[in-house]
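Taking it in order: structure first as structure tokens, then the write-up.
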Amino acid sequence: MPQEYLAWLAAKYAAELVTIQTLIGRIDGKGVSKDEKQGAERERAELTSKVFQKDGLWPHFLHFYLTIIGVDKDWLVDWWRKNCSKRGSSSTCLTLWNQLIPGPPCLAGFPPGSWTLDFHVTLAKPYLSKDDNYFHFLDNPIKREAVFKLPYISPAQWKGSLRASMVRNLVEWWNEQGQDAAGEEFIRRRLQIVRLFGNEKEVELEEQKAAEGNGADRFNAYLDQAGGPQLAVEYRAYLRRIAPTGYLAGRLHFYPTVFAETGLEVINPHDRVSGAGTKPIYLETIPKGQQGRFAIFYVPFGPCEGSGEKSVVKALADLEAVAEGLEKMLTLYGIGAKTSGGFGIVGEVLGEGTIRLSTVHQELKQGLQQVDIPDEYRKYLTADNHVRAQFLREDRRLLSNTEYRNAAPSGGGSLGEFKRFRRWLEQVGRSNFPKSQGAEPTPSNVVEKSFTSFIELKQRLNELRSENYG
């Protein structure tokens, strides 16, 4: 913290600091009666509380000041524990947060295969994290939102915890399969994690180290070591096809989760000789029983994606994998710090939860099934009957005769055949064949399911798959 700001605080609270210092001298002084000491302690606590109501930074600055002048400051920690450790967040701040921070959007206008998942989580064990603000007299303050100072779990924390959970699930599955496991399935699941969260920072596509004669050093990512060098080479070959540069954005978008109250946990290391603790360590936490809302949003995009029904099928597979990772993360692995000590666990029973999935519109699906497509025209359409991108202009219209002749797009037939395909498409109606890349989105239908536990969540996912795709 800048010295100028500390000097400004010292000048602002000069009178209060002098009073506090005088009261400490009276309490620690010799020849002072017990009643006088107790009165000075009450006056000190009342003054601290009075200033704290006006300025939340006061106790932290006071602790810093007492440390500088070298006087006792343990009483301040006790005051915080009694008066502020379980204080709730301002209802005004919570209301503003709910009004200003949007949740997952409705899926109207998003492509088929988009989905949202949100539900309430209730902490079964305290949640522990560390704030970025180092000007705090506790060694482990809880992470707070920058503007409203609400205790929260940031989107980055959710993303990192869920990715770690899914990576752990993948490694455990691979170790259980042993020699019988299919390497292709390991690569498929690893690419799925990349599709959801983005590229792995430890993975480099460039083989400079190999050219220098030390190729083994380039396979030092965690999943490289888990699968072995051969699968690491094959994985990079697949990754180059969908991300030639090695960089790919993830499809999952996370939302912050705020909580209403904070608590205080104490760790008291015991002396090996005396068997008693003398210096307790206070940890600010989000206490057991606090409830917040978890939400994620998935949008299919990128070169590794199909369109229409194919997009929805792959999105359902991603949703099922995310649901499995969430269950393990919240009920078994935990979130936040000190998870090995039991912190950050959520119970199996959830609050009200909702899945929303954007599927291909039923009328469009029926229309596609009713159209009889000549065999010679199928080369111009994708597997789910979208016009292939190489036969479209930037304005989403079919190529003209001259453009088709000059471009000679791969996979097409003669110019005469393309003319006949264009006339046939106009007669049938383009509404049955939405253009793929660069075109307007396929008409979609949003399906919604509710659940209150991870068991129900699995059941709803099975229902979505059977209702839409058998």
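Here are a few things to note about the model shown:
- The alpha carbon gyration tensor of the stretch 223-289 gives principal lengths a ≥ b ≥ c with a/c of 1.5 or higher and a/b no greater than b/c, which makes the shape oblate.
- Nearest-10 value in Å² for the accessible area of Thr122, using the 1.4 Å probe: 50
- Amide H within-cut-off set for Ile345, under 5 Å, with H built and near neighbours excluded: Ala124, Lys125, Ile335
- Where Cys93, Cys106 fall by accessible area, highest first, once all protein chains stay in place (1.4 Å): Cys106, Cys93
- Computed with a 1.4 Å probe over protein heavy atoms only, the accessible surface of the stretch 1-147 comes to 56 Å² per residue.
- Amide H partners (placed H, <5 Å) of Val446, local residues excluded: Thr359
- The solvent-accessible area of Asp139, taken with every protein chain present and a 1.4 Å probe, is close to 110 Å².
- Amide H to amide H, with H built 1.01 Å from N, Ile281 comes under 5 Å of Ile267, Asn268, counting only residues 5 or more places away or on other chains.
- Accessible surface of the stretch 1-119 [probe 1.4 Å, protein heavy atoms]: carbon and sulfur percent: 54
- Cα centroid of the stretch 143-195 to Cα centroid of the stretch 20-54, whole Å: 52
- Here Lys379 sits with roughly 70 square angstrom of accessible surface, probe radius 1.4 Å.
- The HN-Hα couplings worked out from phi for the stretch 93-103 by the Karplus form 6.51 cos²θ - 1.76 cosθ + 1.60 (θ = phi - 60°) are 5, 5, 5, 4, 4, 5, 7, 8, 9, x, x Hz, whole numbers, x standing for Gly and Pro.
The values are calculated or read from the model by the stated rules, or taken from the named source; none is laboratory data. Given the structure is predicted, the values throughout are model-derived calculations rather than measurements. Ligands, DNA and RNA are excluded from the accessible area calculation, which covers all protein heavy atoms including side chains. Shrake-Rupley method; radii C 1.70, N 1.55, O 1.52, S 1.80 Å.
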